[in-house]
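See below for the structure under consideration.
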Amino acid sequence: MVDNVHSVAAPEATDEAATTHERLLVAAAALFAERGYSGTSMADIAERVGVRKASLYNYYPSKEEILMHLLRHGIQAWDEAAVGELEGDAPVGERLWRHLLAAVRFVGERPELVAIFRVAATQIGGDLGERAMAEVKEFKDSHRRQLEAVFERAVADGEVRPGAPADHAYVLRMFANGVVTSQLHACEADERLEEGRLRNLWDLFWNGLACEAPASEVTA
């Protein structure tokens, strides 16, 4: 398994160097999204940043490692934004709603990181593709286990209808994937899904899972 997101970091240097590193990552993410992975070179990234190509190698040994850093950063950012909402002692419906809302907001607010997920999933082959998919699979498996743990507790506490926690988690993931995909397309068309409508969709969905309390009693 490849190292975690902290394994490739900017060298400890001046503020100017740190700024260059940040600009490098922004430029690389934009170019990968615009031109694809194979259509982007280290020279392209250097030109976008406004530095010599040789300067990039002070930060990363290759274009591959820039992509992997961006992918790990995106996974970590998603985890911090959305997965953290699953924790705590609030009613399960509230935690799951906040989890979904955070995921939708992430797609709308961090399109450059979403683009990196797309690049890694659809444009990379060979050893690099295997490394990228291993990172994504590890994250997805961890997310699935977290959802199953949430539903295992919810079933035991009588908050949701009886059933296998894995099945509950699967249904929720399918619903969330559909909503997030719709939001992604809406962002591309500049027609972002309003949170009020998203809440209405969630209420309809949650009514099918909740055991007792109606969805309207779940606080936003």
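The values are calculated or read from the model by the stated rules, or taken from the named source; none is laboratory data. The shown structure was predicted, so the numbers you read here are calculated from the model rather than taken from an experiment. With ideal geometry, Cβ positions are generated from the backbone for all residues, glycine too; neighbour counts draw on all protein chains shown. For accessibility, only protein heavy atoms count, side chains too; no ligands or nucleic acids. Shrake-Rupley method; radii C 1.70, N 1.55, O 1.52, S 1.80 Å.
Restricting to the range 32-63, and then to whatever is closer than 17 Å to Thr19 by Cβ and loosely packed, with under 12 Cβ neighbours inside 10 Å, can you tell me which residue is nearest to the chain's Cα centre (by Cα)? The selected residue is Gly50.
When you go through Glu65, Glu148 one by one, which is the residue that is more than 24 Å from Val49 (Cβ to Cβ), among the acidic types (Asp, Glu) and modelled with pLDDT of 90 or more?
Working: Glu65 fails: more than 24 Å from Val49 (Cβ to Cβ).
None of the other options fit; the residue is Glu148.
Counting only residues that are among the basic types (Lys, Arg) and farther than 23 Å from Asp203 by Cβ, the range 76-120 holds 2 of them.
From the list Leu96, Leu67, which residue is over 30 Å from Val160 (Cβ atoms) and either open to solvent by less than 10 Å² (accessible area, probe 1.4 Å) or among the acidic types (Asp, Glu) (or both)? Can you show your working first?
Details: Leu96 fails: over 30 Å from Val160 (Cβ atoms).
So the residue among Leu96, Leu67 that is over 30 Å from Val160 (Cβ atoms) and either open to solvent by less than 10 Å² (accessible area, probe 1.4 Å) or among the acidic types (Asp, Glu) (or both) is Leu67.
The range 89-175 holds helices (runs of 4 or more DSSP H) entirely within its bounds, and those carrying 1 or more residues that are in contact with an Asp or Glu (Cβ under 7 Å, 6 or more places away or on another chain) map to 92-109, 126-156. Considering the range 126-142, the residues that are over 14 Å from Lys63 (Cα atoms) and among the small types (Gly, Ala, Ser) include one that is surrounded by the fewest Cβ atoms within 10 Å (Cβ to Cβ), namely Gly126.
Yes/no per residue for (1) modelled with pLDDT under 85; (2) polar (S, T, N, Q); (3) open to solvent by less than 60 Å² (accessible area, probe 1.4 Å):
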residue: Ala176; (1), (2), (3): no, no, yes
residue: Val179; (1), (2), (3): no, no, yes
residue: His185; (1), (2), (3): yes, no, no
residue: Glu191; (1), (2), (3): yes, no, no
residue: Glu195; (1), (2), (3): yes, no, no
residue: Trp206; (1), (2), (3): no, no, yes
residue: Ala215; (1), (2), (3): yes, no, yes
